[in-house]
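Encoded as structure tokens, the structure appears first; notes follow it.
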Amino acid sequence: MEEAIITLRRQMSEIISELWHGKEVTEQLIRKYDHQHLNQSYSSLHESETHQFLASKILSSFEKTLSMLSSSGFMVCYPIHPTTTSLPDQDCTEQCSKKRKISSLRWNEQVRVCPGRVERPPVAVDGHSWRKYGQKQILGGNFPRGYYRCAHRDSQGCLATKQLQQSDHDPTIFPVNHRGTHTCSHLEPIMISVEELRDLKSDHRHHHQQQQEMERARVF
DNA sequence: ATGATTTGACCCGC
DNA sequence: GCGGGTCAAATCAT
Ligand SMILES: [Zn+2]
């Protein structure tokens, strides 16, 4: 039983890596289409737009699958990749030596993204799901600072928060300021998903029964 | 219809 | 009053 779960975990992480890969390649494809669209190297503009539309459908299919896994309680971490790395920052140690309780839960990291992915901040690369709740221009910074909180704040009272602000000097660097650690559980949703699976199976049966009955009814 | 993002308003400490 | 952080209504996406 225990072993089966370990095996499942490993298989799931391979599946998730593959999904990330598909998502990434599709993003490359979309960028390529954008480029071609700009240069109008297509004879038909409609054809180009159709390709872009289909590619975006593929992308959202990958993203939907990933988010379904995530909301089912699986850790959907971005796999280690040569062009995308997350470096822990040094100063996370003892700037919090004062009387502050909360500050002990603060740390920084620098997320570097590949040059093609500079437009959108790398919010989900840590495997947690976040909700943006604010954005602000900060003095001396050209890029706005984005404020994110854990998506399970209401459902599980998780108070984890982070701020992202693209670096002015190197736009491929996104310094992240974490505030608070996650108290949300990933195990509970997994248990629930097992229950749901059972329900889904019976629902399916019912659905099939209903369908068969309807087919039968149509025949007669 | 539901859920997520956007964005100006609002709040709080200095 | 000013700058940084959060709220929430309007808007956007699915
Ligand atoms: Zn959390």
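The values are calculated or read from the model by the stated rules, or taken from the named source; none is laboratory data. All values reported here derive from a predicted model rather than from experimental measurement. FYI the Cβ positions are ideal-geometry reconstructions off the backbone, even for glycines, and counts take in every protein chain you see. SASA here: full protein model, heavy atoms, side chains in, ligands and nucleic acids out. Shrake-Rupley method; radii C 1.70, N 1.55, O 1.52, S 1.80 Å.
Tabulated data
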quantity: Within segment A:121-147, tally of residues that are crowded, with 16+ Cβ neighbours inside 10 Å and away from the ligand (no atom under 11 Å from the Cβ); calculated: 8
quantity: Count of segment A:127-149 residues which are under 30 Å from A:Met68 (Cα atoms), within 11 Å of DNA strand B (Cβ to nearest atom) and not basic (Lys, Arg); calculated: 9
quantity: Qualifying residue in segment A:168-189 (condition: of a type in the set (Ser, Thr, Tyr), modelled with pLDDT of 90 or more and more than 16 Å from DNA strand B (Cβ to nearest atom)); calculated: yes
quantity: Total residues in segment A:154-170, condition part of a loop (DSSP other than H, G, I, E, B) and either outside the structural domain of A:Ser129 (by the TED database) or open to solvent by less than 50 Å² (accessible area, probe 1.4 Å) (or both); calculated: 5
quantity: Given (1) in a helix (DSSP H, G or I); (2) at pLDDT 75 or above; (3) among the charged types (D, E, K, R); (4) closer than 28 Å to A:Gly180 by Cα, index of the condition A:Glu24 fails; calculated: (4)
quantity: Residue ID - nearest to A:Gly180 (Cα to Cα), chosen from residues in segment A:108-153 that are part of a loop (DSSP other than H, G, I, E, B) and of a type in the set (D, E, K, R); calculated: A:Arg120
quantity: All positions within segment A:109-120 that are open to solvent by less than 40 Å² (accessible area, probe 1.4 Å) and either within 16 Å of DNA strand C (Cβ to nearest atom) or more than 18 Å from A:Trp20 (Cβ to Cβ) (or both); calculated: A:Glu109, A:Val118
